[in-house]
Structure formats: structure tokens, C-alpha cells
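Data first, discussion second: the structure below is written as C-alpha cells.
The values are calculated or read from the model by the stated rules, or taken from the named source; none is laboratory data. Bear in mind that the values here come from a model prediction, so they are computed numbers and not experimental data. All Cβ positions, even for glycine, are placed from backbone atoms using ideal geometry, and neighbour counts span all protein chains on display.
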Amino acid sequence: MPVLLAQALSLTLPVLVVGHKNPDTDAIASALAMADLERQLGRAAQAIAQGPPNPETAYVLQRCNLQAPPVRTSLARHPVLLVDHSDAALAPDDLEPSQLVGIVDHHKLGGLQSDAPLRVRIEPVGSTATLVTELYQQAARPIPRPLACGLLAAVLSDTRSFQSPTTTAQDRRAAEVLAPLAGIPDPRAFGASMLQAYGRAMAGRSDLELINTDFKLFNMGAQRVGVSQIEAPSIAFVLERRQGLLAAMEAERQRLGLHSLLVMATDVPRLGTELFVVSKDPVTVERALRIHLRDGSAWVSGLISRKRQVVPPLQAALR
Ligand code: MG
Ligand code: MG
Ligand code: MG
């Protein structure tokens, strides 16, 4: 098809608003809310997701009276607004530079390109939902109650009720705006119930499902690294299955051709992570993260954030 004709066609299609692969609560809630804000501003938009909601998000959708966005992995020629990621490895596989019209995110940039100027809001805050809340306020548009609930859940999930080192004053302000709109007087209790629901569901999952529920793939130099995170009120159920988990991790690492595969089992009340590592070069990983592995894992006090505390030092070591 001639390029101009293709562009003209794509202008008439609604913007698809999509979060990252293996979506979490922030990816889903921010997509639903950004699509709503776009529509309120007179632009045709539809939220989609690259996968089904995880157990925490399923709990949130039910509590907030929201529908999960349809799962769709092909973008056809639709214009695309990315939320909660700006990393090519986490975006839909068929995303072309001609389709990218906007990004709202709180992660590192990772290799995306666009053909035309685009709207971008990327800030180092605790959640994309924080930025979406600010965009509603700046546009002076109302946040519907179910979406306020979803956005509040996303702020609480990504910051683990403001305990993560990624938390900023903007996140606290966003939660103060959202809580009354959502009709949730005690956000911390809501955050705790989300974590309980997540932990309960994760405890019933297989080793492979534990790895894949919140799994992110990163290009680091010439290597690819996978980092997965399990967050729970107690990680005893993960520690109990150390050998099976490590075996499943090594099989996945080899199947995907990864340099390393890490699983962060984050004990939220203790504010630390049991970090499981399989790697073709574990010494480099140990040096980069300043850990000492014993039997395939290490307890790292204070480790909560994949994007802030794990990805940057690994990236620097593998560059
Ligand atoms: Mg996310
Ligand atoms: Mg997020
Ligand atoms: Mg997360």
C-alpha cells in the first residue's frame, strides 16, 4: 500500500492504548484510564492488553467494578499509545515506528522509535497511574469512580503502599486525589488486601507460572536478561520450592537463550527480596548486584524495585 494512503487510513482508526507484556495492575488500569481521558478529549481510543490480568489485577478489577481490556497481541495498523512501558522488548511485537503516537510511562527508555512527533510523558515516579491522574487534572476532566479506584490500586501496587524507594511526593498526592473519588477511605488497607489476594493466588501456581506471571525481558548490550518478580505478604511458599523453581528457571533461561534469569521473591512486610539467579555467568551478576549467592539465591534486605535496583546495575555490567 502507498505510504500516504496507509497513513490516511490509520488516522481514521481509534488509538489503541496498551500496557506492557505480562500486564500488571498499573499497565491495565493506566490503559483503561488513558483511553477514557482520550475519549473525553474527543479522540477515539480503546484500551487493550497484551495478556490476561494477573491475580492481583483480577481482584482489583472486581473491587473497582471494571472490565479487563480485551487481550490483543496484534495492532493491525492502529495508532498506538503506550502506557507503563517504553521498552521495545515489552511492547507489542508488531509495533511499527509509524504507529507510535504517545507514551505515558515511569520506566527507562529502551530502543523505541517513531516516525512522527509524539506526545510523551515520562517521569521517574512510582506509577504510571500517578501521571495519568495528573493528566486528568491538567485537562480538567473528571475521573470516573471505577477508574479512580483502578488508578489508586495501581499507585498502591507499584509503590507497595508507598514503601518502595520509587515512591515520590507526586504518588502520595495522586493517591490523596484518587481515594475520595474512588470512595476508598483507607488506601493502605486496600493495598494490603490486594497483596493478600495476590499472594494467595501465587501460592497455588506452578513453578513455571511463578516465573511468568510478572516476567520482563530486557536487552542488555548483546545479551538478553529476564527479571521476574513475585510480591507477597510472606514468601515461605517460594522458599519451600527452591529446587523446583531453580530447575524451571534454568530450563526457561535455556529455552529463551538468556544470559541470566532472575526471580525476585519480594517479602513486602520485611521490605526485602530473596533473589534467585540462574545465569551463564553468575559471577558477573553477583558483582553487579553486590550479592553472594548460596544455593542459587541471596536475601537482599531493602530490595523492592526491579526497575530501580536490579535493572540499572545489570545493564551497566552487561553493556
Ligand atoms: Mg507495570
Ligand atoms: Mg508501573
Ligand atoms: Mg511491579
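When the residues of region 6-20 are narrowed to those that are at pLDDT 95 or above and touching a His at 6+ places or on another chain (Cβ under 8 Å), which ends up farthest from ligand 3 (Cβ to nearest atom)? Going through the qualifying residues, I end up with 14. Candidates are the residues of region 123-139 that are of a type in the set (S, T, N, Q) and assigned to a helix (DSSP H, G or I); the one that is nearest to ligand 3 (Cβ to nearest atom) is 128. Residues satisfying the criterion are absent from region 87-97 (criterion: under 18 Å from residue 157 (Cα atoms) and either within 16 Å of ligand 3 (Cβ to nearest atom) or modelled with pLDDT of 95 or more (or both)). Taking first residues from region 55-71 that are hydroxyl-bearing (Ser, Thr, Tyr) and partners that are crowded, with 21+ Cβ neighbours inside 10 Å and outside any helix (DSSP H, G or I), the Cβ contacts under 9 Å between residues at least 6 apart in sequence or on separate chains come to 57/23; 57/24; 59/53. Restricting attention to region 209-263, the residues that are of a type in the set (A, V, I, L, M), surrounded by fewer than 20 Cβ atoms within 10 Å (Cβ to Cβ) and within 16 Å of ligand 3 (Cβ to nearest atom) add up to 1.
Taking the numbered list (1) surrounded by fewer than 24 Cβ atoms within 10 Å (Cβ to Cβ); (2) within 20 Å of residue 215 (Cα to Cα) in turn, residue 138 passes all entries but (2).
Taking residues in region 104-133 that are under 18 Å from residue 312 (Cβ atoms), and partners anywhere that are within 13 Å of ligand 2 (Cβ to nearest atom) and among the basic types (Lys, Arg), the pairs with Cβ atoms closer than 6 Å and at least 6 places apart or on different chains are 107/307.
State whether the residues of region 301-313 include one that is surrounded by fewer than 17 Cβ atoms within 10 Å (Cβ to Cβ) and of a type in the set (A, V, I, L, M, F, W, C). Scanning region 301-313, I find no residue that is surrounded by fewer than 17 Cβ atoms within 10 Å (Cβ to Cβ) and of a type in the set (A, V, I, L, M, F, W, C), so the answer is no. Scanning region 112-128 for residues that are within 12 Å of ligand 2 (Cβ to nearest atom), surrounded by 17 or more Cβ atoms within 10 Å (Cβ to Cβ) and closer than 17 Å to residue 90 by Cβ gives 127, 128.
Filtering 152, 109, 181 for residues that are within 16 Å of ligand 2 (Cβ to nearest atom) and either β-branched (Val, Ile, Thr) or crowded, with 17+ Cβ neighbours inside 10 Å (or both) leaves a single hit, 152.
Residues are listed down the side, and each one gets a yes or a no for (1) aliphatic (A, V, I, L, M); (2) part of a strand (DSSP E or B); (3) touching a residue at least 12 places away in the same chain (Cβ under 8 Å):
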{"position": "177", "(1), (2), (3)": "yes, no, yes"}
{"position": "184", "(1), (2), (3)": "yes, no, yes"}
{"position": "189", "(1), (2), (3)": "yes, no, no"}
{"position": "192", "(1), (2), (3)": "yes, no, yes"}
{"position": "198", "(1), (2), (3)": "no, no, yes"}
{"position": "202", "(1), (2), (3)": "yes, no, yes"}
{"position": "205", "(1), (2), (3)": "no, no, no"}
{"position": "211", "(1), (2), (3)": "yes, no, yes"}
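Residue count for region 21-35, restricted to those that are out of contact with any Gly (no Cβ under 8 Å at 6 or more places or on another chain) and away from ligand 3 (no atom under 16 Å from the Cβ): 2. If the condition is being closer than 14 Å to residue 26 by Cβ, of a type outside the set (Gly, Ala, Ser) and in a helix (DSSP H, G or I), then region 140-169 contributes 147, 149, 151, 152, 155, 156, 158, 159.
Only residues that are buried (at least 19 other Cβ atoms within 10 Å of the Cβ) and of a type in the set (Ser, Thr, Tyr): list them for region 66-82, please. Selection gives nothing.
Let's see how each residue does on (1) assigned by TED's automatic domain parsing to the domain that holds residue 109; (2) closer than 20 Å to residue 93 by Cα; (3) within 16 Å of ligand 2 (Cβ to nearest atom); (4) part of a helix (DSSP H, G or I):
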residue	(1), (2), (3), (4)
225	no, yes, no, no
229	no, no, yes, no
238	no, no, no, yes
247	no, no, no, yes
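Among the residues in region 223-243, are any within 25 Å of residue 27 (Cα to Cα), of a type in the set (Phe, Trp, Tyr) and touching a residue at least 12 places away in the same chain (Cβ under 8 Å)? No, that holds for no residue.
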